[in-house]
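Scroll down for the structure; my scribbles are underneath it.
Just so you know, all these numbers are worked out from the coordinates, no wet-lab data involved. Source: prediction; values computed, not measured. Note that each Cβ is placed from the backbone with ideal geometry, even for glycine, and that neighbours are counted across all protein chains shown.
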Amino acid sequence: MDVPRYHTALIVGAGPGLSASLARLCADAGMNVALAARNTEKLAELCADTNASAYACDARDAYAVAGLFDQVEARQGTPDLVVYNAAARVPGPVTDLDPGAVRLALEVSAFGAFLVAQQAARRMLPKGHGAIAFTGATAGVKGFANSSCFAMGKFALRGLAQSLARELSPRGIHVVHVVIDGGIRAETRPDPADAPDSTLDPGAIAQTYWHVLHQHRSAWSWEVELRPWVEQF
């Protein structure tokens, strides 16, 4: 049974945690790895570990995103596996939220995803091959109190993914939305000693991305939910 083969991965909104785990998986598979973030200094160690290249990019800027794809294409090859991992939130009561900050957060969580997906699709469609993955959250399926900004952004992201899956899948492009339903483990947020595996391990999340993105096209998933075994939902 044939499974997809990818050559160049582009992870937008890269940083430690999930992005780093994904980058290592791709590098271990022999892929070219490109990492994009507004601040590339934080990516130096990861680039050294994975032989990845870092690119400075503001995902909210259409010209910057188009330039990012052009640079990656010229230096590393056309991205055929693209992951959008950028997000922003402005928590608080709706009466207290700063409209300008909310606008910026929505541009990061949703508009940037559209811009990245648009550039990816333009390059993948002529070849009839590629995959686009979006990192979602609980907020994309259930809006919490004092989290209206994050809910708007993640609901929009999920809608974008669902629409693109229906538009692009019949043309050979696998679109996946991954709902991360819980906190992701990090050095600054380890599991409590009395509650092991109560947060999502970033390496385990990355393994699921890898599996889904390598599904045979006769059995594609457009969405998958991940949560710790103790998470209530």
Inset, instruction - Starting from the Cα of D96, step 7 Å along the direction of its Cβ; do the same at Q162; then give the gap between the two resulting points in nm. - result: 3.2 nm
Legend entry - Gaussian network model of the chain, Cα within-10 Å springs - most flexible of G153, G130, G17: G17
Legend entry - Radius of gyration, Dmax [the range 8-226; alpha carbons; angstrom]: 16.8, 52
Inset, instruction - Would you please report the Å³ per residue occupied by the convex hull of the alpha carbon atoms in the range 31-117? - result: 101 Å³
Inset, instruction - Give me the percent of DSSP beta bridges within the chain that run antiparallel, rounded to the nearest 5. - result: 5 percent
Legend entry - Contour minus Cα-Cα distance for R123 and S198 (0.36 nm per residue): 23.1 nm
Inset, instruction - May I have the extent of the alpha carbons of the range 82-168 along their three principal axes, as whole Å values ordered from largest to smallest? - result: 48, 23, 17
Inset, instruction - Return the calculated 222 nm mean residue ellipticity for the chain, to the nearest 500 deg cm²/dmol, obtained by summing -39500 (n - 2.57) across DSSP H runs with n ≥ 4 and dividing by the residue count. - result: -11500 deg cm²/dmol
Legend entry - Sequence-separation-based contact order of the chain, relative, with Cα cut under 8 Å and 6+ spacing, percent: 20 percent
Inset, instruction - Using a 10 angstrom cutoff on alpha carbons, build the Gaussian network for the chain and name the most mobile of V175, V212, V12. - result: V212
